[in-house]
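Data block below; observations after.
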Amino acid sequence: MKFKKKIGAQLMIAFGVMIVSFSTLFVTMYQASIMNKQTEILLTQTKANAWPCLMVEKTELGSEISGRIEEYHFNLVNKGTGPAIIVGVRLTYKGQVARSWDHLFEIMQTPESIVRSRTFGQISKGVLSANETSLVVDFSDRFEFIDWMKKNGADIKIEIYYQSVFNEIWQIERRLDNTSTSYPLKVDECAISQNEMFTN
């Protein structure tokens, strides 16, 4: 009888130890789950604090005296909270790729009578900090050229791929006319091949 009682007591102790072990394991797993969720929340907050948001904006100002457009340019603006790393730019005219502004004017068959002078920024690579603005191209004070670009702007499209410091990638595109706007679209990768890259 004493032997049976001894075995029963040992079983109770073993059962109690097993319950404590399972309870400890459950608590540990629960704590790990909470920590993982907290880590995910922290990572999401960190990404939000380093989120780039590029947009291509147009400036068009006319003169009341001359009645002509004197200021006409496009800027790349980072309206996000973190740096935007540009990984690829593609410029096309009616679907045909232009590797530079000169190449664009060539495939547009810009008349020789129009002076093709312009000022442009370096947008094919680099980093734009939060709230930073970079010139894309400026046609100001080139009246005939401005008229020509406005006439053909709907057929000119610029695409820009950029990434955050967390390697998340977005794409924006805009036509160089009066009505287009650009909004970032999150993508898996840059879809521009090396032979399509715009080089300014």
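For this structure, a couple of remarks:
- Put simply, when 101-108, 183-190 are sorted by average Cβ atoms within 10 angstrom per residue, most first, you get 101-108, 183-190.
- Calculated FRET efficiency for the pair residue 100/residue 68, C-beta based, R₀ 41 Å, to 0.05: 0.90
- Violating pairs (Cα-Cα greater than 18 angstrom) within the set 79/186; 94/157; 94/125; 58/186; 37/79; 58/150: 94/125; 58/186; 37/79
- Contour excess over end-to-end distance, with Cα ends at residue 200 and residue 37 and 0.36 nm allotted per residue: 54.2 nm
- Projected label distance in nm at residue 141 and residue 112, using a 7 Å step from Cα toward the beta-carbon: 2.7
- Residue 182 long-range amide H proximity, modeled H, under 5 Å: 56
Where a number appears in this text, it was derived from the coordinates with a stated rule and is not lab data. None of these values were measured; they are calculated from a predicted model. Glycine also receives a Cβ, built like all others from the backbone with ideal geometry; neighbour counts cover every protein chain displayed.
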